[in-house]
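Below is one structure, written out as structure tokens; comments come after it.
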Amino acid sequence: MLMKIEELLKIYDKAEEILFLLDVRTPFEYAEKHILGTINIPIDEIEENLDRIPQDLRVVTICQHGVRSAIVCEFLVKNGYRAESMEGGMVLWTGQTETI
């Protein structure tokens, strides 16, 4: 399932109340630029960190172009999560970002 960037931008201000924003890129990519309020769990660490991902919120997975986030989204859905992948990834994001 895909979440359009426009949809996320519309609800971004109240996102922490209804969404869990999960950035699945590498720590280096995350440090360069990420959406304010996201949690970084790299794709290769998802399985051992499922306990960090709440099941009571919609999970929006995010990566650079949308490929890795789609893979993680599918995995989460198969494991009982309500998950969506942000369409297009960070290259298309026009909202708030921060760096570390």
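The values are calculated or read from the model by the stated rules, or taken from the named source; none is laboratory data. Since the model is a prediction, treat every value here as computed from it, not as a measurement. Using ideal geometry, Cβ is built from the backbone for each residue, glycine included, and neighbour counts are taken over all protein chains shown.
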Residues that are touching a residue at least 60 places away in the same chain (Cβ under 8 Å), at least 1 per element: which helices (runs of 4 or more DSSP H) completely within the chain meet that? 5-11, 27-32, 67-78
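Condition check ((1) of a type in the set (G, A, S); (2) touching a helix residue (DSSP H, G or I) at 6+ places or on another chain (Cβ under 8 Å); (3) at pLDDT below 95; (4) on the phi < 0 side of the Ramachandran plot) across all residues:
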| position | (1), (2), (3), (4) |
| --- | --- |
| I11 | no, yes, yes, yes |
| E17 | no, no, yes, yes |
| D23 | no, yes, no, yes |
| T26 | no, no, no, yes |
| A31 | yes, no, no, yes |
| I41 | no, yes, no, yes |
| I46 | no, yes, no, yes |
| D51 | no, no, no, yes |
| T61 | no, yes, no, yes |
Verdict on R58 being among the basic types (K, R) and touching an Asp or Glu at 6+ places or on another chain (Cβ under 9 Å): yes
Could you look through region 37-69, keep only residues that are farther than 11 Å from M3 by Cβ and aliphatic (A, V, I, L, M), and pick out the one that is surrounded by the most Cβ atoms within 10 Å (Cβ to Cβ)? I41
